[in-house]
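So the structure is just underneath, and the comments pick up after that.
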Amino acid sequence: MVTWIVLGVVLFALVVLALAVRPVLARLPRLRRAALALQRRQADALALQSAAEALQDRAAALQERSAVTQERLALIKARRGK
């Protein structure tokens, strides 16, 4: 008699567990697609970050060249003014 009660409780617990897990398993494909989309976005963000860093380096180099050019122009103007 006790064996049947224990068996019934165990089976009931398994049924409740299966009913609780079912919605989670149904969402797994959507969660996987969302995870893949997030990974693609992360890769795009990393690519944009590296491109932005390269652009920043180019802007700094151009700024240096501009400063040098302005100095040379000031020297040329000073020589012509004398």
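Helix content alone sets the calculated 222 nm mean residue ellipticity of the chain: runs of n ≥ 4 DSSP H residues at -39500 (n - 2.57) each, divided across all residues, give -37500 deg cm²/dmol.
The residues of the chain have, on average, 98 Å² of accessible surface per residue, using a 1.4 Å probe with all protein chains present.
Compared with the dominant Cα axis of the chain, that is its longest principal axis, helix 2-81 is turned about 0°. On the protein heavy atoms, probe 1.4 angstrom, tell me the percent of accessible surface of the chain carried by carbon and sulfur. C and S atoms contribute 65 percent here. Stretching Arg58 away from Trp4 to a fully extended chain increases their span by 11.6 nm, per 0.36 nm per residue minus the current alpha-carbon distance.
The values are calculated or read from the model by the stated rules, or taken from the named source; none is laboratory data. Owing to the predicted nature of the structure, the values given are computational and were not obtained by experimental measurement. For accessibility, only protein heavy atoms count, side chains too; no ligands or nucleic acids. Shrake-Rupley method; radii C 1.70, N 1.55, O 1.52, S 1.80 Å.
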